[in-house]
Amino acid sequence: MSSQDDVAADAVRQRPTHEKGTFRGRLLELADSEVFKGSITLGPVLVLLTVFYAIPVVLLLTYSVFIEDPFSSGLTFDHFGRFIDMSAVTSFQFGELSYVRLLGRSLGIAVIVTVLSLVISYPITYYLGQYAPERWKIVLVMLVIIPFWTSYLIRTYAWIPILSTNGFINGTLTALGLPTLPLLNNMVGSIIGLVYVFVPFTVLPLYASMEGLDPSLIEASRDLGASRWEAFREVVFPLTLPGALAGGVFVFIKTAAAYVTPSLLGGTSGRMYAQVIETQFGSAFNWNFGAALSVILVVVVLGTIWIAMRWGINVKGSRGLGGGGL
Amino acid sequence: MASTLHLDSVTKDFGDVRAVEGVSFDVEQGKFLTLLGPSGCGKTTTLRMIAGFETPTEGCVRLGDTDITAQEPYRRPTSMVFQNYALFPHKTVGENVGFGLKMRDVPRDERSDRVAGMLELIELPGIEDRGIDELSGGQQQRVALARALITEPEVLLLDEPLGALDLKLRKNMQVELKNLQEELGITFVYVTHDQEEALTMSDEIIILNDGEIEQRGTPTEIYESPRTRFVAEFIGDTNLLDGTYVENGSGATVECGGVDVPIDSFSAVTDGQSLSVSIRPEKIELGGRTGNGTTVTVGGEVKDVIYQGNVAKVHVDIDGTELVLEQQVIDTVNLPTPGSECTLSWDQENTNVLTG
C-alpha cells in the first residue's frame, strides 16, 4: 500500500496519525514505539546496574577461578579449597578452619544485630505508627533519619569515647562504685556499633507496616480476650512481618559483610569476615583468594536468607506474607 | 446472670474537646438499645467507653454490681462488632471466629465444635478454612458477628455494623440481627446514624447531640412525641413552627404567623413566650376530618404537589406559613391541583410542643 493511500485511508477514518515520511512524523512515531518507551525508562537503570554491579560481579567470579591473572594463568578451584581445608575436616580439626569460623562468627554477629535491631525497632515503630499524634509523626521519623546526615565513619568513631575503658559508660560505672565492662575492641563493641548504625534500616520499613496496620484489629483482639503480649503475637507481629523481613534482610546482608565498624570497635576478638577479604585485596595482594572469599560470602548470605524466607513464609500459615518471590 | 448495664454521668474529654458530657442511662439485660445521632455526637465514644477502649474522664460504667470503668477490655464481659468488621486478614474464618476461645485457652477440639456451631447460627456452615478476602461484605459482617458472640458476652456492642452494606442486604441484616438478639437474649448496644435502622430494630433509642442525651424512649415515643427541636428534625420529616404562646381560658394556642396552633395549656411557659411545635406531615389530612379527639382545622392554598410514588407531598400556604402534608396516593386523579383552595386538619394530640 502506498503512503498516499495510507493518508487517504486515515482521512476517511478521521484518525489523527503522524504524517509519514517527514522527519517530524518519523520522530513522533519513534516516540510512540514501545521499544523507545522501554529503553528510555529502563535504559538508565540497566546501564547503571551493568557498569556498577554486573561487571564487578563478573570480574569477581572470574578472579576467583584463576590461579593468578585471569586468562593468562590456569583455572583452579584451589582458592575455594583454601576456605575449607579438607584435611582439617577429615581429621576433625575444626579449630583449624579459621576462615569458616570467621564466616560463622560474622553470620552469628549478623543474626544478633538483626534481632537486636528488630527488638529495638518494634516498640519505636509501634508507638510511631499507632499512637504518635499525626503532626509529630514526621518530626519523629526525621529524628530517625537525621543521623544519616553525618558520616558513618564519624558516627562510629564517636562510640570510642563512649565505650572505652575510661569512657563515658565505664566512667559512670566507676563513679557509682561498680566494676567496669569490656565494651570496646571486642565483639560487644562491634555489635553495639552495628546495631546503632542499622536500627534506622529496620525502623523505616517497620514503620511503614505499622502505619498501615488498622488499629481496630488490635482493639478487636484485646476485646476478644487477648492480653497485650497476645495481641502482639497474634495480630501485630504477623501483620508487620513483611516490614520486619524487609528491614531484617537488609540489616543481615549489610552486617554479615560489615567492615568499618568491626575494624574500629571490634579489635581482634571482634574481627569479622569482610576484614579478611580486605586483607587479601589490600595487604596480601591475593586478589584471587579475596575474590573467592567474597563469592563464598555472597552465596552463603543469599542461601541463609533463602532458607529464612522459606521458613518465614510457612510460619503459622501466614499466607502471602513477605519474600513471595524467593 | 441478669446484669443491667449502667452508665453514671459519664464524661469524656479529648484534650480541649468534650466528646461526651454527663451521659447516664441503663440497659436491662436482653434489651436492644440504640445510640442514635449525627456524626460527632459522641455515640461511638460512649460505646468505646463501655467496651473499655476509652476511659471516662468522669463518671463510671457498671455491669450489674461490678464497676468496670477501669477494667481492661479483655477482662470485660462485652464484645464489640466494629464498623469495618476488623477481621484478622491473616487468619482463616475458623481462626477468626475461634480467636476469643483460643485466648481463653479453650481446648482445640471444643473450639472447633463451637466455631462450627457458631457458623451454623449465622447460616454460613463449613467455611472455617476460607480466607477473609474470599468473603463478600455481607459474609464478613456475619463472621464478625460470630467472632464477637462466641465468647458469650453479656453485652454486645455494635458500631454501625451495617454501614458498609448495600441497602437490600442492610434491610435483611436488620431483621436477622433483631431475631438473633431476641433468640440469644443478649443485651445489644447499637450505634448508628441511620434513624430508620434505629426505629426498625430497637427496644429503646437514645438520641445524642453534641455529647449529651436529647431524648430517650421507645421508637414510637421518639417518633410520635419528640420533645426537642433536634429530635423532631433528626427523626423523619416534620413541620416545625415557631410562634408565641398565648393562654386562652381552658386551653392555649401557639401563634405561628398565619396559623394558630391550639395546644393543651402548658405550665412550663408563660403568656407571650416563644415556643415551637412540630406536626408530622402524615398526621395532617386534606379536608375536614371526623376523629374522636380534638380536631384542628385550617384553610389554605395548595402551592405544590410532589408525587413520590406511594405518597405525595402537598405544600400548603396558610397566610404566609407553609405546611407540608403527606398523602397516600390511592388514585392519582384525586391529588389536589396547585393554586386550589383547601382545608387541612389534624388531631390536636399529634401536635408536639418542643421544649428544647
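The values are calculated or read from the model by the stated rules, or taken from the named source; none is laboratory data. Bear in mind that the values here come from a model prediction, so they are computed numbers and not experimental data. Reconstructed Cβ throughout: ideal geometry from the backbone, glycine too, with neighbour counts over all protein chains shown. The accessibility values were calculated without ligands, DNA or RNA, using every heavy atom of the protein model including side chains. Shrake-Rupley method; radii C 1.70, N 1.55, O 1.52, S 1.80 Å.
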Determine which member of the set A:Ala110, A:Ala88 is touching a Phe, Trp or Tyr at 6+ places or on another chain (Cβ under 6 Å) and more than 20 Å from A:Leu239 (Cβ to Cβ).
-> A:Ala110
Picked from segment A:161-196 (must be aliphatic (A, V, I, L, M), in a loop (DSSP other than H, G, I, E, B) and in contact (Cβ under 8 Å) with a residue 12 or more places away in the chain), the residue surrounded by the most Cβ atoms within 10 Å (Cβ to Cβ) is A:Leu184
Filter pass, A:Thr202 being polar (S, T, N, Q), in contact with a Phe, Trp or Tyr (Cβ under 9 Å, 6 or more places away or on another chain) and within 14 Å of chain B (Cβ to nearest Cβ) = no
Could you list all residues from segment A:226-245 that are more than 10 Å from chain B (Cβ to nearest Cβ) and open to solvent by less than 30 Å² (accessible area, probe 1.4 Å)?
-> A:Val236, A:Thr240, A:Gly243, A:Ala244
May I ask you to list the residues in segment A:141-160 that are free of Cβ contacts under 8 Å to residues at least 40 places away in the same chain and either under 30 Å from A:Ser209 (Cβ atoms) or open to solvent by 80 Å² or more (accessible area, probe 1.4 Å) (or both)?
-> A:Met142, A:Leu143, A:Ile146, A:Trp149, A:Thr150, A:Ser151, A:Ile154
Selection count where residues are among the hydrophobic types (A, V, I, L, M, F, W, C) and in contact with a Cys (Cβ under 7 Å, 6 or more places away or on another chain), scope segment B:162-215 = 1
Where residues in segment B:277-336 are out of contact with any helix residue (DSSP H, G or I) (no Cβ under 7 Å at 6 or more places or on another chain) and assigned to a helix (DSSP H, G or I), which of them is farthest from B:Gly356 (Cα to Cα)?
-> B:Val333
Do you know which of the residues in segment B:117-148 that are away from every other protein chain (no Cβ under 14 Å) and without any contact (Cβ under 8 Å) to a residue 12 or more places away in the chain is least open to solvent (accessible area, probe 1.4 Å)?
-> B:Gly117
Has segment A:211-225 got at least one residue that is away from chain B (no Cβ under 14 Å), out of contact with any Cys (no Cβ under 7 Å at 6 or more places or on another chain) and not in a loop (DSSP other than H, G, I, E, B)?
-> yes
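Evaluate segment A:132-139: report whether one residue or more is part of a loop (DSSP other than H, G, I, E, B) and among the aliphatic types (A, V, I, L, M). Give the derivation first.
Going through segment A:132-139, the residues part of a loop (DSSP other than H, G, I, E, B) turn out to be A:132-133.
Subsequent filtering for residues that are among the aliphatic types (A, V, I, L, M) retains A:132.
Yes, the conditions are met somewhere in segment A:132-139.
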Does segment B:48-59 include one or more residues that are modelled with pLDDT under 95, assigned to a strand (DSSP E or B) and open to solvent by 10 Å² or more (accessible area, probe 1.4 Å)?
-> yes
Write out, first by first residue and then by second, each pair whose Cβ atoms fall under 6 Å of each other, whose residues are 6+ apart or on separate chains, and whose first residue, in segment B:167-191, is in contact (Cβ under 8 Å) with a residue 40 or more places away in the chain and not assigned by TED's automatic domain parsing to the domain that holds B:Asp203 while the second is open to solvent by 50 Å² or more (accessible area, probe 1.4 Å) and among the polar types (S, T, N, Q).
-> none
Return yes when B:Thr321 is over 25 Å from the mean Cα position of the chain (by Cα), modelled with pLDDT under 90 and open to solvent by 40 Å² or more (accessible area, probe 1.4 Å) and no when it is not.
-> no
Odd one out for A:Arg101 among (1) buried (at least 19 other Cβ atoms within 10 Å of the Cβ); (2) within 20 Å of A:Gly267 (Cβ to Cβ) = (1)
Does A:Val300 meet the test of being open to solvent by 20 Å² or more (accessible area, probe 1.4 Å) and touching a residue at least 24 places away in the same chain (Cβ under 8 Å)?
-> yes
Looking at (1) modelled with pLDDT under 90; (2) out of contact with any Pro (no Cβ under 7 Å at 6 or more places or on another chain), which is the one condition that is false for A:Gln130?
-> (2)
Taking segment A:63-93 and the residues there that are outside any loop (DSSP other than H, G, I, E, B) and polar (S, T, N, Q), the one that is farthest from A:Ala292 (Cα to Cα) would be A:Thr90
Residues of segment B:36-77 being farther than 27 Å from B:Ile222 by Cα, within 14 Å of chain A (Cβ to nearest Cβ) and hydroxyl-bearing (Ser, Thr, Tyr), which ones?
-> B:Thr55, B:Tyr74
Going by the structure shown, is A:Glu68 at pLDDT below 80 and more than 30 Å from the chain's Cα centre (by Cα)?
-> no
Answer residue from segment B:90-113, given it is more than 7 Å from chain A (Cβ to nearest Cβ) and part of a loop (DSSP other than H, G, I, E, B) and is most open to solvent (accessible area, probe 1.4 Å) among those | B:Asp105
